Structures are given as C-alpha cells and as structure tokens.
Amino acid sequence: MKKACVIGWPIKHSRSPLIHNYWLKQLQIDGLYERVAVEPNDLPGFIRNLKQNGYQGCNVTIPHKEAALSAVDIYDQIVRETRSLNTIFLIDDKIHGTSTDGQGFLNNILSYYPDYQIQGKTIFMIGAGGSAKAICQKLLEEKAETIWILNRTLERALELQQSFGSKIQIVHPNEIHHHLKTSDMLINSTSQGMISQPPLEIEIDNLPKHALVADIVYVPLKTKLITKAESLGLKVVPGLGMLLHQAVEGFQHWFGVRPEVSQQLYDLVAYDIAMEQSK
Ligand SMILES: NC(=O)c1ccc[n+]([C@@H]2O[C@H](COP(=O)([O-])OP(=O)(O)OC[C@H]3O[C@@H](n4cnc5c(N)ncnc54)[C@H](OP(=O)(O)O)[C@@H]3O)[C@@H](O)[C@H]2O)c1
C-alpha cells in the first residue's frame, strides 16, 4: 500500500485527508493519506525518515512550511523564490520539495474562466503573507504587468518587493481607490473575512466592470467580498477551488495518477465546511 500524509503542529484542522482519500477511493488505488502531528523539533527527523516509515511523501502545513526547506535534498525554483514549501516527494531516494499554492491559485481561476490570461494584467493584492508570496511568484511567472500590494504591516509588503523586484509596488493607504480603479484583478490573500477573523473592510465599487475578484478564504465558502463583487456583476473566484487544485500535484507525485477536481469533490469538501460551521 502506498502512503502519504500531511504534517503540521497542530494538524487536526487539515482537510487534506478528506481530499486525498476521496481520490484514492475514486481511482481505486491501494493507498492511504494520513494526518500526522509533528512537533517543530521533530521536523527534520520526520522528513529524513519518510521512506523508512513507508511514505511516498507528504504535505507540509503551518508552522513547518519554511523550516522544511533545510530538511529536503532538492527544491525547485518556486521554493527558491518563496522560501516556503508545501509538498515533499521522493525520487530515487532523494527528498524533493515544491510549493503548489501558486499553481492551485491559477488553476482555480482557470477552472472558472478557462481563457483567462494573467499576462499584462494590473493586479491589486491585499496581504503579504505566505500565500501572497506563492501567488505573486505564479502571477509574475505568468507575466502579470504590476502587482500592487496593500498590507497591514508595511515591512512585509516591502519584503515581497525585495524578493520579486519592481513589478511589486506598494499601495499607499490614501491611493487605494485610485489603484482599484485601474486594476484588472483584486485578490484577498489575508485571513480577513474568514469565520472568527476580522472582516475585510474595502470598498470595491470603483473596480472596472471587467475586473476579476478572487478570495483565497474558503470558510465561509462565499465571503462578503465575493458576494459584493458578484452583486456588482464582476467575475468572481472563491477560495475553495485553490485548496483542491493545489492538492493535485502532490497526489500525482505520490500515487502516480493525476486526479481530477470534480464537482463531486467540491461538494464533499463544501459539505464538510458547512457541517463545521453549523457546530
Ligand atoms: N484557498 C486556499 O487554498 C488557501 C491556501 C493558503 C491559505 N489560505 C488562507 O489564506 C489566509 C492567509 O494565509 P497565509 O498562509 O498567507 O497566512 P500568513 O502568512 O499568516 O499571512 C496572513 C496575512 O493576513 C494579514 N492579516 C491577518 N490578520 C489581519 C488583520 N486583522 N488585519 C489586516 N490584515 C491581517 C497579514 O497581515 P500582516 O502582514 O500585517 O500580519 C498577512 O498579510 C488564511 O485564512 C488561510 O486559511 C487559503
């Protein structure tokens, strides 16, 4: 039996087992995807012993995404640029690391708007955390023109600019409306708007009519930002699909088959979220 897992500390909240075990069952693969709580001190040892413990690899989540870099043998350009990884897999006894969040974000957009082109777009991003970094890396690879960053902590936005250069620009709080007016896409990459987190306070009526609004928050499934954008007739991309699409690459590495992000899977995870919210 082939095995993979997700590691974090704590790890109870992860929905990755639901996703991967759904695919294993649907594709009739003799495999198992587990949830393993790994303390920070045990992280290097756990990663080095993946093979001995019968794992093909693992997903890595909070708080290990940066620390895991020093425990893998090889990492790719995405990890070099973002200094963070979420997926580990083994090839010929070497431990490889990559990050699939940026691809998951892009594939989620393409699942809603298959012909959407990032090239040449002016993008307004709220947030400068770990997922913002992964998303910026992908958007710049796809030749976005400029990414305007609005973040509570200026230093973190400046760090993004340092990592990726002059295509990353910082939004001055007085110029929010000016930049919204000239943006093709608005992304919320913060936790604002998530259940039990502060709301996202931004007035988006100034966005152009052709703009696309993406939120990476997926609890609730439809955030206030998405509902407002929908009411303005804008293109909208809610966050749950990103979670499903980022999982595809890891599954393919570990189990040798590229799984499909189906409506049935979306509904299964959406139901799980709704059940949790109703508690
Ligand atoms: N859909 C998906 O697949 C997916 C994938 C990854 C993450 N997410 C979600 O995305 C969110 C961010 O994740 P992350 O890993 O990027 O976290 P992170 O690295 O901790 O970054 C958090 C970001 O949110 C901002 N923020 C948090 N609370 C705020 C507040 N009260 N007011 C203003 N800004 C606030 C932070 O600003 P400061 O820099 O000022 O602290 C930072 O920009 C989480 O809700 C996570 O669940 C979704």
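Read the figures in this text as sums done on the coordinates, not as results from a lab. As the structure is a computational prediction, the values presented were derived from the model and not from experiment. Because the Cβ atoms are built from the backbone with ideal geometry, glycine has one as well, and the counts that use them run over all protein chains shown.
Please list, in chain and number order, the residues 5+ apart from GLN169 or on another chain whose amide H is under 5 Å from its amide H, with Hs placed from the backbone.
The list, which skips near neighbours in sequence, is ILE147, TRP148, ILE149.
Can you give the three extents of the C-alpha atoms in region 209-279 along their principal axes, from longest to shortest, in whole Å?
Result, largest extent first: 43, 35, 17 Å.
Given points 7 Å out from each Cα along the Cα-Cβ axis, report the ARG152 to ARG83 separation in nanometres with one decimal.
My value for the distance between the label points is 2.1 nm.
Given a Förster radius of 45 Å and the C-beta distance between ILE62 and LYS181 as r, what FRET efficiency does 1/(1 + (r/R0)^6) yield to the nearest 0.05?
The formula returns an efficiency of 0.80 here.
Under 17 Å Cα to Cα from LYS121, which lysines show up? Leave out anything in the same chain fewer than 8 places away.
LYS138, LYS143, LYS167, LYS181, LYS209, LYS235
Under a point spin-label approximation (7 Å from Cα along Cα-to-Cβ), what is the GLU276-TRP9 distance to one decimal in nm?
Output for this residue pair reads 2.2 nm.
In the chain, what % of DSSP beta bridges are antiparallel (nearest 5)?
Bridges in the chain are about 20 percent antiparallel.
What's the whole-number percent of alpha carbon pairs in the chain lying beyond 30 angstrom?
Percentage above 30 Å: 30.
With point charges of +1 on the Cβ of Lys and Arg and -1 on the Cβ of Asp and Glu, referenced to the Cα centre of the chain, which listed residue (ILE7, ILE78, ILE176) lies farthest in the positive direction of the dipole?
About the Cα centre, the residue reaching furthest to the positive side is ILE7.
Run the simple label-point estimate for SER70 and TYR112 please: 7 Å along Cα→C-beta, distance reported in nm.
So the label points at SER70 and TYR112 sit 3.9 nm apart.
Using the Karplus curve 6.51 cos²θ - 1.76 cosθ + 1.60 with θ = phi - 60°, work out ³J(HN,Hα) for each residue of region 33-45 in order, rounded to whole Hz, and write x for Gly and Pro.
Going residue by residue, I get 10, 10, 10, 10, 7, 10, 5, x, 5, 8, 4, x, x Hz, with x marking Gly and Pro.
Give me the lysines in straight-line cross-link reach of LYS279: C-alpha distance below 29 Å, same-chain residues under 8 apart excluded.
LYS12, LYS25, LYS222, LYS224, LYS228
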